[in-house]
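Have a look at the structure below, then the notes.
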Amino acid sequence: MKDNFLIYGCYGYTGRLISEHAAQLGLKPILAGRDASRTESLAKELNLSFRVFDLKEEKNVIDNISDVKVVLHCAGPFKFTSKQMASACIKARTHYLDITGEFDVFESLFGLDKAAKDAGILLMPGVGFDVVPTDCLALYLKGKIPAADTLELALMMKGGRISHGTAITVAENLGESGMVRRNGKLEKILNGTLIREIKFERGKKMKGVAIPWGDISTAYRTTGIPNITVYNCLPEKVISSMKMSNRIGFILRWRPVKNFIINRIKKRPAGPSDEERKISTSVVWGEAKNAIGAHVRAMLELPEGYTLTALTAVKIVQNILEKEPPYGTLTPAGVFGADFILQFDRVKRIDLK
C-alpha cells in the first residue's frame, strides 16, 4: 500500500523549505532531484531517504515514483518540467502536486483532467502561495455573491525578495504579453497598461497592475466566474518597466538575453533569509461583483509567501495521505474549501466595505 510521498526538486530554495518543514513535523518524505550531491547532502542533514533521477526518461521517472502515494513537484520553471512529471504520475497512478504559479502550466494540466480521472489520481498544481490563498479568497467571495460574473484579485508583498526559481521563471517569460480572462476565454493584454487603485483595510490605497497570475486559470475552475483579472501592487518604476517591455519584447524573448539574465540571477542570494521571512508579510485582496453592480470585497493577511508555501504544500500532502482525494485536475479551494487557508498561523480574513 502506498503511504508516503516524494519531494522532487528538494534542494531548490522553496523545495528545501518544504523538506525542512516536513521533517520538523516528523514526516519522512523521500527527497529527490537530479543533482546527486545536493540531494544526498540535504537528505543526510534531515535524516531522510533520497533518490536521484532526472525527467528525461519517462520509464525511469515512473520507476522512481510508483511506490509513493504523492509526488510534490518543486523543480521549476514548471513550463519545462510539469508535463513530464504529471504524465509519469498518471502512468504510475501517483497523485501529483506542484507549486507553480504559471497560468500556462495550469491550463496544460487542466487538459489532463480526463487522463487523471481514468488513472484514479489527483493532479493539483499550485499548492503554495501560488495559488492557495487567492483560490480560497475567490471561492469565499463567490459564496457571498453566487451570481458574480467578475472577479478581481490583488497581491501586495511587504518586504522580502524572490527566490532564484521565481526569478528564473520571470526571466523565462520576459517579453510575453500580459493575460486576463474575459467571457471565459484567456485574452492577451499589453504589459503595464491595465491598472486600478486597490483600497485595502483602513483606507490604505495602492496602485495595482494586471499580471498573468495563476488564478486566471484556477479561479475560473474553482468559481466559474468568466471575467477574472489579477493585479500586483508594484512601484511606479516597475510598472513603467513593464510598459517598456512591450516595445522591446522581441529582444527579451531572445535566448541569449534570457541566458544572460538567468546567469546574473544565479549569482544573487538564493532567496530571502530566515530573518527576512519572519518579518515579511503579504496581503491578498479580492472583489466579486454581478451584472447589476452588487459587489463584495475581502482580504487576507498572510505570512511571507515562501513560508506560506511550505505550510500549505505540506498540509495538502498530509490531507491526501490521510484521506483519498477526488480524482482529476482540481484546485486547492475546490477540494479543501474556502476556509482551508484560515488554519495557518498569522492568517486573517477581513471583510471590506
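Laboratory data are not the source of any read-out in this text; all were calculated from the coordinates shown. The shown structure was predicted, so the numbers you read here are calculated from the model rather than taken from an experiment. Cβ placement follows ideal geometry from the backbone for every residue including glycine, while neighbour counts extend to all protein chains displayed.
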### Query
Looking only at Leu17, Leu25, Leu48, which one moves most when the chain is put into a Gaussian network model with springs between Cα atoms under 10 Å?
Leu25
### Message
Taking the Kirkwood radius as the inverse of the mean 1/r across Cα pairs, report the Rg/Rh of the stretch 132-305.
### Response
0.98
### Message
For the stretch 47-150, which GluC sites (Glu not before Pro) pass both filters: DSSP loop (anything but H, G, I, E, B) and at most 14 other C-beta atoms within 10 Å?
### Response
Glu57
### Summary
In the stretch 294-329, the trypsin sites (Lys or Arg not before Pro) that sit in a DSSP loop and have at most 13 other Cβ atoms within 10 Å of their own Cβ are Lys323
### Message
If I compute Cα extents along the principal axes in Å from the structure I just sent, which labelled value in (i) 54, 44, 38; (ii) 142, 50, 30; (iii) 60, 50, 34 lines up?
### Response
(i)
### Query
Ranked by Cβ crowding within 10 angstrom, fewest neighbours first, how are Val61, Val284, Val238 ordered?
Val238, Val61, Val284
### Task
Pairs of Cα atoms under 8 Å, at least six residues apart: use those to get the relative contact order of the chain, whole percent.
22 percent
## Note on the structure
Full extension between Glu107 and Lys83 adds, at 0.36 nm per residue less the Cα distance, a length in nm of 7.5 nm
### Task
Tell me the trypsin sites (Lys or Arg not before Pro) within the stretch 1-68 that lie in a loop according to DSSP and have at most 13 other beta-carbon atoms within 10 Å.
Lys56
### DSSP bridge orientation in the chain - percent antiparallel, rounded to nearest 5
60 percent
### Query
List the lysines whose alpha-carbon lies under 28 Å from that of Lys199, not counting same-chain residues fewer than 8 positions away?
Lys142, Lys144, Lys158, Lys185, Lys188, Lys207, Lys237, Lys243, Lys278, Lys289, Lys348, Lys353
### Query
How high is the FRET efficiency between Asp35 and Asp274 when r is their beta carbon distance and R₀ equals 22 Å, given to the nearest 0.05?
0.45
### Query
Quick one: putting +1 on the C-beta of Lys and Arg, -1 on the C-beta of Asp and Glu, what dipole do you get for the stretch 132-305 around its Cα centre, in Debye to the nearest 20?
520 debye
### Query
For the chain, modelled as a GNM with alpha-carbon contacts under 10 angstrom, which of Ile248, Ile341, Ile18 fluctuates the most?
Ile248
### Query
Among Thr150, Thr134, Thr309, whose mean-square fluctuation peaks in a Gaussian network model of the chain (Cα, cutoff 10 Å)?
Thr150
